[in-house]
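Single-structure report; data block below.
Please treat every number below as a calculation from the coordinates, not as lab data. Keep in mind that this is a model prediction, so the values were computed, not measured. Glycine also receives a Cβ, built like all others from the backbone with ideal geometry; neighbour counts cover every protein chain displayed.
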């Protein structure tokens, strides 16, 4: 974590904070509108500063963060965790989503391998008519 930095590109910061495995994935997420700074959709070259509010959506997970530190280099997870603070509302929402996901039944849990010829024909009849 560098103390001399005053601002860092959002894609570099997301990569350094370990939200994305590669910087190109972070860039794609920013371009796709899944990352917002202070409530505004931004481009990957937008600088983020300490105190900015960043919203990140990855799949069905959503984080609301406050930037606390800056880094252009990816370090250990313990250092990356010091770069941001997650809001309490965001933590509660994510925890609730995780609990709901654990309670859901997997739709394919009842399936036993590939469908048989009889199953396939029955599915074809269902689709056609």
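Remarks
- Sole exception among (1) surrounded by 14 or more Cβ atoms within 10 Å (Cβ to Cβ); (2) without any contact (Cβ under 8 Å) to a residue 12 or more places away in the chain; (3) part of a loop (DSSP other than H, G, I, E, B) for residue 19, by number: (2)
- Unique residue being touching a residue at least 60 places away in the same chain (Cβ under 8 Å) and not in a strand (DSSP E or B) when the list is 14, 5: 5
- Only one of the listed residues (57, 71, 90, 24) is on the phi < 0 side of the Ramachandran plot and in contact (Cβ under 8 Å) with a residue 60 or more places away in the chain. That residue is 71.
- Picking from residues in the stretch 32-68 that are more than 21 Å from residue 93 (Cβ to Cβ) and touching a helix residue (DSSP H, G or I) at 6+ places or on another chain (Cβ under 9 Å), the one that is surrounded by the most Cβ atoms within 10 Å (Cβ to Cβ) is 48.
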